[in-house]
Amino acid sequence: MNATTTMIITMLAEGNPVWYVAAMVNMRSHDVYEIGHAAGYPDKAKLRCALLAARQAA
């Protein structure tokens, strides 16, 4: 997981909307949604678990 992906998942887990996250990382909303969806979005608990798993793997 790269730094941008981690930042996207973190921001989504904090409850920020997809359009806001997309603007912050200068990406299309659809791409941000796809990254978030792969990590469990819209379930914030799944997003936090994905971040925790990534930190433990590193």
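General observations
- Cα long-axis angle, helix 3-13 against the chain (0 to 90 degrees, to the nearest 10): 80
- Cβ charges +1 (Lys, Arg) and -1 (Asp, Glu), total dipole of the chain, debye: 140
- Calculated mean residue ellipticity at 222 nm for the chain: -22500 deg cm²/dmol, from DSSP H runs with n ≥ 4 weighted as -39500 (n - 2.57), summed, divided by the residue count and rounded to 500.
- Rolling a 1.4 angstrom probe over the protein heavy atoms with all chains in place gives the chain an accessible area of 65 Å² per residue.
- In the set [x] 71; [y] 45; [z] 60, the label that goes with percent of Cα pairs over 14 Å apart computed for this structure is [y].
- Crossing angle, helix 44-57 versus the chain [Cα axis fit, 0-90 degrees, rounded to tens]: 50
- Working from Cα pairs under 8 Å separated by at least six residues, relative contact order for the chain is 36 percent.
The values are calculated or read from the model by the stated rules, or taken from the named source; none is laboratory data. Because the structure is a prediction, the values reported are computed rather than measured. Backbone-built Cβ (ideal geometry, glycine too); neighbour counts: all protein chains shown. The accessibility values were calculated without ligands, DNA or RNA, using every heavy atom of the protein model including side chains. Shrake-Rupley method; radii C 1.70, N 1.55, O 1.52, S 1.80 Å.
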